[in-house]
């Protein structure tokens, strides 16, 4: 776990400091879902101030991601079936509510996420919502990356094993920009 200080003044009208804890997990190939044994899944705990409200937090997440080169933003939830992306990395951030999400495969890591948490999901890493309450998620992808949806099938796996190594690394961390953990630990 890594702690970083962040300045959250994007949409909140004032500078103040808070500590973001970052969890890092390597998710190995399970033989069906490729996952990513090279780039770690990163969970940024309380990356967005807990004092902001859901709609305000959604705007803040979208602005933060866009300002750090992660665009094509969407607002929705997290699919309730195992899936992954072979052509893009993904960054969902919880604007409201909570969710229990499984990463990797059906026996993989289960994380309880709350409003303000952000997750950097490397291409190939499976994810599935197991439970939620009042969930609103803002998601984005690194500039220039188009996402696909792959399921845990051998047909999708074959395609994904070709695609994943070609997915370029993001230029910036979705939360901290140039100085973020992602740019330090997601390397060739």
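Condition check ((1) over 19 Å from residue 24 (Cβ atoms); (2) surrounded by fewer than 18 Cβ atoms within 10 Å (Cβ to Cβ)) across all residues:
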{"residue": "77", "(1), (2)": "yes, yes"}
{"residue": "116", "(1), (2)": "no, no"}
{"residue": "131", "(1), (2)": "yes, yes"}
{"residue": "136", "(1), (2)": "yes, no"}
{"residue": "146", "(1), (2)": "yes, yes"}
Original post:
All but one of (1) closer than 16 Å to residue 105 by Cβ; (2) at pLDDT 95 or above; (3) assigned to a strand (DSSP E or B) hold for residue 29; which doesn't?
Top reply: (3)
**OP:** Within segment 76-119, track down each residue that is farther than 21 Å from residue 65 by Cα, in contact (Cβ under 8 Å) with a residue 60 or more places away in the chain and assigned to a loop (DSSP other than H, G, I, E, B).
**Re:** 81, 82, 104, 105, 107, 108
Original post:
If you check every pair at least six apart or on different chains, which have Cβ atoms under 7 Å apart with a residue in segment 152-177 that is at positive phi first and a residue that is assigned to a loop (DSSP other than H, G, I, E, B) second?
Top reply: 177/68
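The values are calculated or read from the model by the stated rules, or taken from the named source; none is laboratory data. Just so you know, these numbers come straight off a predicted model, no measurement behind them. Quick reminder, even Gly has a Cβ in these numbers, built from the backbone with ideal geometry, and neighbours come from all protein chains shown.
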